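Trainee: Before I ask anything, let me first share the structure, which is written out below as structure tokens.
The values are calculated or read from the model by the stated rules, or taken from the named source; none is laboratory data. Everything quoted here is computed from the prediction, not taken from an experiment. With ideal geometry, Cβ positions are generated from the backbone for all residues, glycine too; neighbour counts draw on all protein chains shown.
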Amino acid sequence: MNTPADFSPQLPTLLNGTSALPHLGVIQAQGEDAANFLHNQLSNDVLLLPVGQSRLAAFCSAKGRMQASFILVKTAPDTILLVLSQDLLAQTLKRLSMFVLRAKVKMSDASGQWQLRGLLGDGARAVVGASAPWQTQGLDGAHAVALYPAVLGESKIPRALWVAPVGHALPAGADVPNDVWQWAEVMSGVTLVSQPVFEAFVPQMLNYESVGGVNFKKGCYPGQEVVARSQFRGTLKRRTARVHSPVALMAGQDVFTPTDSEQPCATVVQCAARPDGQGFDALVSGTTESMASGWGVGGSEGEALDILALPYALLADI
């Protein structure tokens, strides 16, 4: 029998095909000031984003807490798509629109105009090849964004986000259930903010500076001083890790150490069931100190969480 950290041999074969992504939505920024406007609001450089390319970025409060995060796709010189968690779309669109003022940009919910699909395994490899994360391939009106792979032990399963106008032919491949896609996302170690963890983290607490989601050389944006101070003054004491759990976890759920069931030391970011039925895997953001003593849920009589290795290196400096 597998130990919790082991991966069943059949898992890589299950991660092959295309998945509908109803949990994601699309905000469209359109107008001659679209790039400049978003550049002044988000954690990454948008002004230098070429047409046909993508980036990861966070939208923060004045205190540096993430209110949303996006995969940005620049589809035209005056048009940028922001792919985000559907449960945050309405409030994020409202807040972004508050800052438009005299900028020549229109923000709108474009979820009904664009199709989103997750590509796994051969399907992703066919359109993005060995491209680095966030590199994007144009496909006759569609866009395929290379994502961080799902890492299962020694196996790396390619992943890509496919974005195309409604009516465009769908990519070929076997149907992959959405919960399998979300499990693969957990195994990549990179996720988007959802409603249960609204304003719970500064970007580095989700390792965003290590996966291309923060640019420390760009100009100001809401929360920029807090984000920069966390990086340069050594005040960051929380990181995201992958964990295995014998029980289901919920985003926003508190996590504790075995010796302290009163004061939470970590928060569940995302959880998904293993497709082979061998428990659950999750992304948990917690204090680096508590990682050494172990994490658990349900108090002293609860379940221990098995901390897995991250599939990428954390940046020690800029």
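Trainee: Could you name every one of the strands (runs of 3 or more DSSP E) located completely within the stretch 9-79 that has at least 1 residues being aliphatic (A, V, I, L, M) and out of contact with any Lys or Arg (no Cβ under 8 Å at 6 or more places or on another chain)?
Mentor: The strands (runs of 3 or more DSSP E) meeting that bar are 24-30, 54-60, 66-76.
Trainee: Take the stretch 101-110 and flag every residue that is modelled with pLDDT of 95 or more, out of contact with any helix residue (DSSP H, G or I) (no Cβ under 7 Å at 6 or more places or on another chain) and assigned to a loop (DSSP other than H, G, I, E, B).
Mentor: Lys104, Ala110, listed by residue number.
Trainee: Applying the selection to the stretch 242-292, what residues are under 27 Å from Leu15 (Cα atoms) and small (Gly, Ala, Ser)?
Mentor: Listed by number, the residues that qualify are Ser245, Ala248, Ala251, Gly252, Ala272, Ala273, Gly277, Gly279, Ala282, Ser285.
Trainee: Among the candidates Val197, Val226, Val247, which residue alone is within 28 Å of Leu48 (Cβ to Cβ) and in contact with a strand residue (DSSP E or B) (Cβ under 9 Å, 6 or more places away or on another chain)?
Mentor: Val226
Trainee: Something else now. Please find, within the stretch 269-313, the residue that is surrounded by the fewest Cβ atoms within 10 Å (Cβ to Cβ) out of those that are under 17 Å from Tyr208 (Cβ atoms) and in contact with a helix residue (DSSP H, G or I) (Cβ under 8 Å, 6 or more places away or on another chain).
Mentor: Ala313
Trainee: Name the pairs whose Cβ atoms lie under 8 Å apart, with the first residue in the stretch 206-227 and closer than 19 Å to Val190 by Cα, the second surrounded by fewer than 19 Cβ atoms within 10 Å (Cβ to Cβ) and hydroxyl-bearing (Ser, Thr, Tyr), and 6 or more positions between them or separate chains?
Mentor: Asn207/Tyr312; Ser210/Tyr312; Val211/Tyr312
Trainee: Can you find even one residue in the stretch 108-121 that is in contact with a Ser or Thr (Cβ under 9 Å, 6 or more places away or on another chain) and either farther than 21 Å from Leu56 by Cα or not assigned by TED's automatic domain parsing to the domain that holds Gln28 (or both)?
Mentor: Yes, that holds for at least one residue.
Trainee: Follow-up question, since we're still on this one. Across the stretch 82-110, what is the number of residues that are closer than 24 Å to Val269 by Cα and either surrounded by 14 or more Cβ atoms within 10 Å (Cβ to Cβ) or touching a residue at least 40 places away in the same chain (Cβ under 8 Å) (or both)?
Mentor: Final tally of qualifying residues: 12.
Trainee: Shifting gears a bit: Would you mind telling me which numbered condition in (1) out of contact with any Lys or Arg (no Cβ under 8 Å at 6 or more places or on another chain); (2) under 23 Å from Ala146 (Cα atoms) Leu120 fails?
Mentor: (1) is the only condition that Leu120 fails.
Trainee: Collect the residues in the stretch 226-250 that are surrounded by fewer than 17 Cβ atoms within 10 Å (Cβ to Cβ) and within 19 Å of Val46 (Cβ to Cβ), keeping them in residue-number order.
Mentor: Ala228
Trainee: Working carefully through the options Trp134, Trp114, Trp162, find the one that is at positive phi and touching a Leu at 6+ places or on another chain (Cβ under 8 Å).
Mentor: Trp134
Trainee: Right, something else. Scan the stretch 268-297 for residues that are of a type outside the set (A, V, I, L, M, F, W, C) and free of Cβ contacts under 8 Å to residues at least 12 places away in the same chain and report the count.
Mentor: 1
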